[in-house]
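Visitor: Quick one: the structure is below, and I'll ask about it shortly.
The values are calculated or read from the model by the stated rules, or taken from the named source; none is laboratory data. All of these numbers come straight from a predicted model, not from anything done at the bench. Methodologically, a virtual Cβ is constructed for each residue, glycine included, from the backbone with ideal geometry; neighbour enumeration extends over all protein chains shown. Just the protein is used for accessible areas: all its heavy atoms, side chains included, with ligands, DNA and RNA removed. Shrake-Rupley method; radii C 1.70, N 1.55, O 1.52, S 1.80 Å.
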Amino acid sequence: LDVGPLTLEVDGERVEEATTQEALIAEGRRYRVPVSPTTREVLARTEGGATWRLVMEQSSIPPEIVEAQQLRAEGKSAEARAKVEPAVDTLTGGDRAHAVSLLARLELGSGARGRATELLRQSRTAHRAAGQARDVVFDTMALAHVLHADERAFAEVRALLGDVAEELALFHEGRAYVAVERGILGKDAGDVRGALAHLISALASIADQL
């Protein structure tokens, strides 16, 4: 449903149109709004006065890792690596898990996929020990993708995707990601019917979140 142009606010301050990216998509509009790690709330208001409010959860990720993530997003991989590698040696627990997880993705980007796989196994285990369900799911998805694409390790990928039930009970959004990966796995393994069932499950999970 296209409700027309929106007025956007970040923490009570109106966002100027020049700083947003608006695109017409099927049956609506998409906006990209600049926020920072300290942003608390984004508000959207229609011309008719209806409002939607998105309350931002403050990140518990160490600031040096947040900065490294931003550098990676900007395509500055070398600078990101310079930030994250010392953090792997100095941080502990769940904080270190975030550093190792990011380093794994930097290794993926550089083509060192074997090293990335090793690091993802480490970060996944460390995130689980720290009770970071969302990150366990994301690291599982990244690891499953590499094993699937590079090694065709279908049995291990299937086991990995089946090993996150407890995390998915806490991180519902992850259900769609896992279902899609299961669908792709089923297709490549020759189980077309199973693949279709998983993709339908993914769509159902997405619908539940709307």
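Visitor: How far apart, in nanometres, would the label points at Thr51 and Asp150 be if each is projected 7 angstrom from Cα along the Cα-to-Cβ direction?
Guide: In this crude label model, Thr51 to Asp150 measures out at 4.9 nm.
Visitor: Ordered by residue, what ³J(HN,Hα) values in Hz, to whole numbers, does the stretch 86-103 give under the Karplus form 6.51 cos²θ - 1.76 cosθ + 1.60, where θ = phi - 60° and Gly and Pro are x?
Guide: Rounded to whole hertz, the list is x, 5, 4, 7, 9, 7, 9, x, x, 5, 5, 4, 5, 5, 5, 4, 5, 4.
Visitor: DSSP loop GluC sites (Glu not before Pro) in the stretch 38-106 with at most 10 other Cβ atoms within 10 Å of their Cβ, which ones?
Guide: Numbers: sites: Glu41, Glu47, Glu57, Glu64, Glu67, Glu74, Glu79; in loops: Glu47, Glu57, Glu74.
Filter output for the stretch 38-106: Glu47, Glu57, Glu74.
Visitor: Also, quick follow-up: Kindly sort Ile200, Ile61 by accessible area of their heavy atoms, largest first, with the probe set to 1.4 Å.
Guide: Details: Ile200 100, Ile61 40 Å².
Accessible-area ranking of Ile200, Ile61, largest first: Ile200, Ile61.
Visitor: Order the following by accessible area, largest value first: His148, His172. Probe radius 1.4 Å; ligands, DNA and RNA are ignored. Don't skip to the answer; put the middle values down first.
Guide: Working: His148 10, His172 95 Å².
I get His172, His148, largest accessible area first.
Visitor: Let me ask something else. At 10 °C and 1.306 mPa s, grab the translational diffusion coefficient of the stretch 37-99 from Stokes-Einstein with a Kirkwood Rh over Cα pairs, rounded to a whole number in µm² per second. List each step's numbers first, then the result.
Guide: Details: Rh = 13.7 Å.
Translational D for this selection: 116 µm²/s.
Visitor: If each residue of separation counts as 0.36 nm, what is the full-extension length gain between Arg14 and Ala78 once their alpha-carbon separation is subtracted? Spell out each step's value before the answer.
Guide: Details: separation 64, 0.36 × 64 = 23.04 nm, distance 3.49 nm.
Taking Arg14 through Ala78 to full extension adds about 19.5 nm, to one decimal.
Visitor: Here's something else I'd like to know. Per 0.36 nm of contour for each residue apart, how much would the distance between Thr38 and Asp163 grow if the chain were fully extended, relative to their Cα-Cα spacing?
Guide: Once the chain is fully extended between Thr38 and Asp163, it gains 41.7 nm.
Visitor: Calculate the radius of gyration of the Cα atoms of the stretch 89-210 to one decimal place, then report Dmax, the largest Cα-Cα distance, as a whole number, both in Å.
Guide: For the stretch 89-210, the Cα-based Rg and Dmax read 14.7, 48 Å.
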